[in-house]
Structures are given as C-alpha cells and as structure tokens.
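In what follows, a single structure is set out as structure tokens and then discussed.
The values are calculated or read from the model by the stated rules, or taken from the named source; none is laboratory data. This structure is a prediction, so every number in the text was calculated from the model and none was measured. FYI the Cβ positions are ideal-geometry reconstructions off the backbone, even for glycines, and counts take in every protein chain you see.
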Amino acid sequence: MKLFKKKNELYLSDKQPLSTVGIVMLGISYAVLIAWAIAILWPLTQMVISAFNGSQEQYLMVNDNFVFSIKHFEYLFKETLYFTWVKNTIFIAAVTAVLTLVIVSFTGFAYSRYRFKGRKASLMAIMLIQTIPTFAGITAFFTLHSIISAVVPVFSRQMMLIMIYSGGGIAGNTFILKGYIDSISTELDDAARIDGCTSMQVYRLIIMPIAKPMLAIIALWSFIGPFMDYLLPRVLLTNPSSYTLAAGLFTLMSDFRTMNQPAFAAGGLLTAIPIVALFIVLQKQLVSGLSQGSVKG
Amino acid sequence: MNVILKNIGKKYEGREEFTLKDINLEIEDKDFCVILGPSGCGKTTLLRMIAGLNSITEGDLLFSNKRMNKVPSKDRDIAMVFQSYALYPHMTVYDNMAFSLSMRKERKKIIDERVMEAAELLQIKEYLYSKPSDISGGQRQRVALGRAMVRKPSVFLMDEPLSNLDAKLREHMRVELVRLHKALGTTSIYVTHDQTEAMTMATKIVLMNDGKIQQAGKPDEFYNRPENIFVAKFIGSPTMNIVEGKIIGGKFVADHNLIIITPSPSSALKLAAYEGKPVSVGIRPERFESGGEFGDTFTATIDVVEMLGKEKILYVRLENGSELVISTPGHFKYVENEVHSFGFDVESIHFFCSETGERIN
C-alpha cells in the first residue's frame, strides 16, 4: 500500500496530466483504433478458420460448425494448378525484385552523386509518371508485347508482366534510394577515393553496404507487388497455367464451374509463406531501415 | 616532399566568379602548414584541390616538382583526415584502417603490421574490432588519423579535424598531432578557422580571405607583424584595437582628436610619405600602459571589467563613446566607471594605410 501511494505522489510522465476532455478524447481514440483493428483482423481470422473448417462446402458460410480438416488444402493441391501458380508468382516476383534492385541501386547512386545535364528534368519526369496508374497503359502494354514477341518469340506475357512491375518499381524506388544515399556524407566517397577506390568501387564497397537497409525494403516491396496485384495478370495472362497466385486463386471464387471458396481461403493463407520467409531473412536490415527512414524522412 | 602551388585558381561550375585566384604558395618538406581563414574563404577548396577531389581550373600544383594537376587522388601519395572523420560505418576499426592498403593489394601480413603499429601509436588497440558507431568522438578521431597513417603518405592533409571535439580533448589532440607530425616526418597541410590551433601547431601559417592569401609566414610574424588590417584583426584574442586617423606634423591624430601618438623614430621615417593622409593605427590590448607617465596618454572610462584570472580585460570608452579593449595583468585593481589614463608601448604600434589596409611600418 505504501509503495502504491508513493507511486501516486510522483508524477513521472513528461506530458501534462490529462484533463476530463483529454480523457474522453483518449477513450474515443482507443475506440476508433480498436474498431479499426477488428475491421482488419476479423476477415483474416475468418479466412484462417474457414481454411481449416471441414464443414465448409463450396460456398463460405459464417456459422459455428467447426470440424478441423485439411481437405481444402488437399483440394487446392490436387484439383487446381496451385503449385504452378506459386512457381509463376515466385518467378515473376523474384525476377522483378532482382531487376528493380540492381537498376535502382545504379540510378539512385547516379542521381545522388553525379551532376549531369537533364538530371532535374528526368527526376521530375519520373515523379510525374508515377502519378499515372499503371493500368492506364494497358493498351500500350498489349501493343508493346505483340511488337516484341513478333521479333523475339520467347518473350512471353509473363516477361511483359515482369517488365511492367520492375519498370514501375524502378521509377518510384529511384527516388527513395536517392533520398537515402543523399543522407550519406559525401566525405565517405572522398575518403574512399583517396584510399584508392574507383567510382565503381565506391558504389560497391562503400555506398551499397551502407544503403543495405533501404535496399532490403525495396527488395521486399518489389517482391510483394506481384503477389498482391490481380488486375494486370488477369488481363495480360490468358492461359491458366501461366497465372500468378492472385489471378489463379480468383478463379476459385469468380467462376461457378470452379467455385471453391474455402480453398480460396486456404490458398490465400499459404500465399503469405514466401513473403514471410523473405521478411524473416531481411528482418535485421528492415528494422534498422524502417527506423532510419522514419528519422530521415 | 615539398608542395608548390603556382597561380592556382578555381572556378566552380555554374559560378560567375573565381572562388580562388592566383594562389602562390610554397610548402617545404616536413612543414606543418596551417591554412587559416574565416568560413567561406576557400581554404577547404584549396585543400581539396591539393587532394585531387576538386579539379584545378588554372595554375600548377607541384609535388617535388612533379605536376599533379591531372593525377587522380589515389596516386598522389596523400592521406586525408576529414572533419566528420568519414569512417566507413559498416566496417570495424581494423577494416577501416586496413582499407586503403587492401585496395592497393598489399599482403595481409604487411597490412596487419602497419595497422597494429598505428594502433599502438594512437592507443586504439582495445577497440580495433568495434564499429565506429560504438566508440566515442575522440576515439573516432584517432581512428581517422590511424587510417591516414597506415599508408605512410608523403603529404598529410587535414580538414578541421578537431572541430568536433570538446575543448579539453581538442587541447590534448593538438599536442598529439604535433608530436605525430614530428614522428612521421611528413609534410602536413591543415585547414582550420581556429587561430589558436594555427598559432600553436603551425610551422607556417597561410591566412586566407576572399579567395586570396592575405599573409603567409611563421606564427610570431603573424602576431607581431601583420601585413594588413585583416590579418591584424583576425589573429589575437581579444581583437586588436584599430583607430582611424591622420598623420599631421609627423604625429598620428585620431579622427576624434582624443588620441595622439608620436611614432617611434623608425616608424616615423616610413610614415613621412603619409603626411596628411588617412592612416589606421593598430594596437594589441596588452600593449597599453596603465597610467602612462611617459609620452602620449589618453583618458577613458572603464565600462566593463572581465576577470579571466591571469588577466583582466577592460572595455573602456573614450569621451565620444568609441570603445577600446585593454588587457592588464589580473592582479591590477580596476573598478567599473572609473576614469583612467592609459599610455602606449610605442614600439609595438602597427600603422596601416586606411585606403589599402596594407602595413606601413
């Protein structure tokens, strides 16, 4: 009791004590945040539950009957092209991430460290192009694809997709990486040059290791992109065996011939695995990157 | 290795004016040359040109009579310590120090020997395997020095290396740097805006302002024979007093007529040509004489007394309100608002031409 009282006497917070209005506002904030959290978490939990619920049939029903079963997963693996879709998506995502990363690391470095004609104008252009949604260019993409594949028959629709994803990613991420590299003192470059580095070595041995956290974030984002996007693969890819996960899984709930909503939930759940795996690999870099990014803006 | 700058000029891209123009300088082998100047005077630009980080627009840079203008930094046999230390944050202290040697493909054994030797000298052996972010500012400073040392360069360049340290540590590192310079026997070029650093460390000072060299020479010349008013005011703390006036009948008469000085015979000879012309008189605060029984005196009211221990700084006002700064030994008694008369040490008075600012005597 004595201890408790002492605690009450000493007001240790640096903030002013809350007034009545303040307490009410705090209550409202909590209510809003909790409601928001529920709005996000409820569908997710429903998805997880339905995926394992054996009593769910073709259509998802919200009910209390729960029988644990993995039959929806079995359906997914045996009756659909699920593994092909996973393979397609990981292929597209990985190539997109690598392409974006390599090119962005060069462009970000160049825009940050070199002064050249058209530097400002091209940066401006990149920013403006970002404001136009990718989907607006869909007819152009079609034409582009038919022209390229006429010359190079190997150029598949999936490769077109990779080009669209990495193209968009390069533009936006160049900005982000440029900003990050700007915050690295140029004295480091000078020191490295005196120590005997060429420009390429400054990039490879000094700047890239320091920019690693930001590169990790860029890699993760560009990897997640193809998992999340539905529209472009749906329009561009015509053959179910070339579908990505999003496009493929959607056939499980859009077309009544192949309808199996619990399997869709199961597939959605499994989709998270590759992303989580990458996240765990990059975790150390990501945490420092996110916190640094927050300070440097 | 001696370093010679001949008519060096620098114009940055997109600028109208030359940042530096007609810089002529000769730095002898084993000199500790300090480039001093207020911020924005071009001293760092000059150092970066010597380092090869900035291009040289015009003129010649010679290292031991070899033209270096187009030689890349890494082949100039130099090492540089930066203001922010510029340690590579992703490498350990050891790797930082070994980096330049490993870039030169030295053998592992030699690298290890050199790093250990430098670490021994700088007393940084205990944290050779820490990251730069885990050690203190003073330690980082040593690592930066160590990184420059392991290469055994012929010219050591330093860009305000002590400005990020606290006062006590700075004092300590000043002595260390001089010791290091002597031990290594290299030519050092050191940029700073701190006159104390310049006066204490340099064997040669180069004072710059507005992209020009104002004076180059030994530290005591700077204090006792400043070439112009800018140098006179820049060196010395408190700042030298400057009084504007005219030479009338061989005597200096201040514009407000409150101070009259009879110059010493040797100065009088040189001042003869300035009869009737505007002249500025410079006098160091410690060269006033209290009481002034001999020669010219003036009376002034003591406005503020600053007690520094070994000395007292008096801020005095003449009758017309113009201010002078006088330094006296600390044990002398002065009271604020007291009216006092002061004299001059005539031998130590500096005369400058008011129009050009150049020294006369």
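In the set A:Gly168, A:Gly172, only one residue is assigned by TED's automatic domain parsing to the domain that holds A:Gln285, closer than 20 Å to A:Leu237 by Cα, crowded, with 16+ Cβ neighbours inside 10 Å and without any contact (Cβ under 8 Å) to a residue 60 or more places away in the chain; that residue is A:Gly168. Tell me, yes or no, whether the range B:87-105 has at least one residue that is crowded, with 20+ Cβ neighbours inside 10 Å, in a loop (DSSP other than H, G, I, E, B) and touching a residue at least 24 places away in the same chain (Cβ under 8 Å). Within the range B:87-105, one or more residues are crowded, with 20+ Cβ neighbours inside 10 Å, in a loop (DSSP other than H, G, I, E, B) and touching a residue at least 24 places away in the same chain (Cβ under 8 Å).
Taking the range B:106-132 as the range and being over 18 Å from B:Leu184 (Cα atoms), in contact (Cβ under 8 Å) with a residue 24 or more places away in the chain and away from chain A (no Cβ under 14 Å) as the test, the residues that pass are B:Tyr127, B:Leu128, B:Tyr129, B:Ser130.
In the range B:48-102, the qualifying residues are those that are among the acidic types (Asp, Glu) and within 13 Å of another protein chain (Cβ to nearest Cβ), and the one that is farthest from the chain's Cα centre (by Cα) is B:Asp95. Within the range A:210-242, the only residue that satisfies the criterion of being modelled with pLDDT of 90 or more and hydroxyl-bearing (Ser, Thr, Tyr) is A:Ser222. Determine which member of the set B:Ser267, B:Ser327 is outside the structural domain of B:Gln214 (by TED's automatic domain parsing) and either in a strand (DSSP E or B) or over 28 Å from the mean Cα position of the chain (by Cα) (or both). Every option except B:Ser327 fails the conditions.
Each residue in the range B:133-149 was checked for being farther than 17 Å from A:Glu187 by Cβ, of a type in the set (Val, Ile, Thr) and within 14 Å of another protein chain (Cβ to nearest Cβ), and 0 pass. (1) farther than 30 Å from A:Thr244 by Cα; (2) modelled with pLDDT of 85 or more; (3) assigned to a helix (DSSP H, G or I): which one isn't true of A:Asp14, the others all being true? Going through the list (1) farther than 30 Å from A:Thr244 by Cα; (2) modelled with pLDDT of 85 or more; (3) assigned to a helix (DSSP H, G or I), A:Asp14 breaks only (3). Can you confirm whether B:Ser322 is exposed (fewer than 15 other Cβ atoms within 10 Å of the Cβ) and over 23 Å from B:Tyr223 (Cα atoms)? Criteria not met by B:Ser322. Scanning the range A:198-223 for residues that are free of Cβ contacts under 8 Å to residues at least 40 places away in the same chain, facing chain B (nearest Cβ under 10 Å) and either assigned to a helix (DSSP H, G or I) or touching a Ser or Thr at 6+ places or on another chain (Cβ under 9 Å) (or both) yields A:Gln201, A:Leu205, A:Ile206, A:Pro209, A:Ile210.
Any residue in the range B:185-193 that is in contact with a Gly (Cβ under 8 Å, 6 or more places away or on another chain) and under 23 Å from B:Ser327 (Cα atoms)? Looking through the range B:185-193, none of the residues is in contact with a Gly (Cβ under 8 Å, 6 or more places away or on another chain) and under 23 Å from B:Ser327 (Cα atoms). Scanning the range B:9-47 for residues that are within 14 Å of chain A (Cβ to nearest Cβ), over 22 Å from B:Thr186 (Cβ atoms) and either under 20 Å from the mean Cα position of the chain (by Cα) or surrounded by 18 or more Cβ atoms within 10 Å (Cβ to Cβ) (or both) gives a single hit, B:Thr45.
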